[in-house]
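The values are calculated or read from the model by the stated rules, or taken from the named source; none is laboratory data. Note that this is a predicted model, so its numbers are computed, not measured. Cβ placement follows ideal geometry from the backbone for every residue including glycine, while neighbour counts extend to all protein chains displayed. Ligands, DNA and RNA are stripped out before the accessible areas are found, and what is left, the full protein with its side chains, is counted by its heavy atoms. Shrake-Rupley method; radii C 1.70, N 1.55, O 1.52, S 1.80 Å.
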Amino acid sequence: MVHALHAVRGVLRAKGAAVSITPERFDARLAVVSGSRRLPAGKLVNPSFDRYLLAAEAALDRVVRDGSFTLEGRRRHRYHIRLRGPGDLPEYIDLLGTPRPRLSAGSWPRLRTLWRSSSPASRLEITDGLVITALRRTS
């Protein structure tokens, strides 16, 4: 990724900006939501993906340390995805690509129990996060 950032720097105007959007190293949270009620049901974990995120963070830090860019800012953003129910979860996980996350230990039984006792209007909510990093090309 360092090479890619250096290539980007080569085509940016003086003081031009680059934005990196990466997943946050945050286990996605599952909850059963109905109206204003939110019942935590577990987490989606992906330990094998963490090494890729660590490498991306290191690359961003490296281009700032070597003087190619200055760090303009970094912001975390949480977002929510609502599914019709647990039956949609495998398809959602497949869409995420590889390596695929998995449910943490005990999440499936808790999710099933909460879902059986929920109202028909309930939804399965996944809360995940992004890190948005702005870099400014140095002159």
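Observations on the structure shown:
- The alpha carbon convex hull volume per residue for the chain rounds to 120 Å³.
- Considering segment 57-139 at the alpha-carbon level, its Rg and Dmax are found to be 19.2, 61 Å.
- Between helix 2-11 and the chain: long-axis angle, C-alpha atoms, 0 to 90°, nearest 10: 60
- Solvent-accessible area per residue in the chain equals 62 Å², computed with a 1.4 angstrom probe and all protein chains kept.
- The chain, accessible surface, carbon-and-sulfur percent (1.4 angstrom probe): 53
- Exposure of Glu57 as accessible area (Å², to 10), given a probe of 1.4 Å and all protein chains: 70
- Trp108 accessible area, assembled protein chains, probe 1.4 Å, Å²: 80
- Close amide-amide hydrogen proximity is noted between Ala28 and Leu44, each under 5 Å apart and 5 or more residues distant or on a separate chain (H modeled in the peptide plane; Pro and chain starts excluded).
- With DNA, RNA and ligands ignored, accessible area of Leu71 (1.4 Å probe; Å², nearest 10): 80
- Mean Cβ count within 10 Å, highest first, over the residues of peptides 41-51, 16-26: 41-51, 16-26
- Residue-averaged [θ]222 nm for the chain, counting only DSSP H segments that reach four residues, each worth -39500 (n - 2.57): -10000 deg cm²/dmol
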